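S.K.: Mind looking over this structure? Questions follow.
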Amino acid sequence: MDTGLILKNVAKHILLTEEEREFFLSLLETKTLKRKTLYLKAGTVCKSSAFVLDGAVRSFTIDADGKEHILSFATQDWWISDLYSLVSGKPAILNIEAIADSEILLLPRENQQLLFERVPKFERFFRILVENSLVANQQRLIDNMTSSAEERYLRFIKKYPSIPSCVPQHNIASYLGITPEFLSKIRARLAKRKS
């Protein structure tokens, strides 16, 4: 398992001793996901946080009409989970699926609790992750209420520069809350402006 990426991710927020790094790494499990494989199925309990080493995954829900609504994407160096299920122990609302062949590191909830006990600074690390997620979700809600679809798309490609090349257009449209056809028009208009 290549652990350099996750250690750099952690080092953005907390400093670890060599012993703390080794303990943290000992709590992780590696999982390989083929494209279109579910890591988490709605209705089951989410038991781990996932860190993307390579590839891309998405979290989504399906409404009563069978329509998918994408909540988030996670590419290399991002964390993803159904936080509601992970914290409450209740069935997940979200599905989490690989949208490309992916390698992830899992931190099971019980190992996370052990980590908090043995290395308390990890509570700060995960608090920062949750705060950043809340800020991003609040901004997304505000954008959906106040920004045009084109503005939302431009923010999306700035936030996720690698996603448009590896994700089907209908997934991006779902995330933005627009139809794939409307997204095609936006992309064509933007391409025309560049030329």
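Derivation of every value follows stated rules applied to the coordinates shown; laboratory data play no part. Predicted model, so just to flag it, every value in this text is computed and none were measured. Methodologically, a virtual Cβ is constructed for each residue, glycine included, from the backbone with ideal geometry; neighbour enumeration extends over all protein chains shown.
S.K.: Suppose the chain between Asp65 and Leu190 were pulled fully straight at 0.36 nm per residue; how much longer would it get relative to their current alpha carbon spacing?
M.R.: Fully extending the segment from Asp65 to Leu190 adds 41.8 nm.
S.K.: For a distance above 13 Å, tell me the whole-number percent of Cα pairs in the range 96-140 that qualify.
M.R.: Percentage above 13 Å: 69.
S.K.: Using the 10 angstrom Cβ neighbour count as an exposure proxy, how do Ile163, Ile128, Ile142 rank, fewest first?
M.R.: Ile142, Ile128, Ile163
S.K.: Right, something else. Is there a quick way to get the dipole size of the chain? I mean about its Cα centre, with the Cβ of Lys and Arg at +1 and of Asp and Glu at -1; what is the value in debye to the nearest 20?
M.R.: 880
S.K.: Considering the convex hull of the alpha carbon atoms of the range 92-195, report its projected area averaged over all viewing directions, in nm², one decimal.
M.R.: 8.9
S.K.: In whole Å, what is the distance between the alpha-carbon centres of the range 13-72 and the range 138-195?
M.R.: Between the Cα centres of the range 13-72 and the range 138-195 lies a distance of 24 Å.
S.K.: Put +1 on the Cβ of every Lys and Arg and -1 on every Asp and Glu Cβ in the chain; which of Gly66, Ile128, Leu86 then has its Cα farthest towards the positive end of the dipole?
M.R.: Result: Gly66.
S.K.: Here's a follow-up. Whole number please: convex hull volume per residue of the Cα set in the chain, in Å³?
M.R.: 131
S.K.: Taking other Cβ within 10 Å of each residue's Cβ, how do Ile93, Ile99 sort, fewest first?
M.R.: Fewest-to-most ranking of Ile93, Ile99: Ile93, Ile99.
S.K.: Could you order peptides 131-139, 47-55, 21-29 by the average number of other Cβ atoms within 10 Å of their residues, highest first?
M.R.: My ranking of the peptides, most packed first, is 47-55, 21-29, 131-139.
S.K.: Given all pairs of different Cα atoms, what value in angstroms does the Kirkwood hydrodynamic radius of the range 4-119 take?
M.R.: This gives a value of 14.8 Å.
S.K.: What's the magnitude of the charge dipole for the range 1-110 around its Cα centre, counting Lys and Arg as +1 and Asp and Glu as -1 at the beta-carbon? Answer in Debye, nearest 20.
M.R.: About 340 debye.
S.K.: Which one, Thr37, Pro108, Leu27, is farthest towards the positive end of the dipole of the range 4-119 when Lys and Arg carry +1 and Asp and Glu -1 on their Cβ?
M.R.: Farthest towards the positive end: Thr37.
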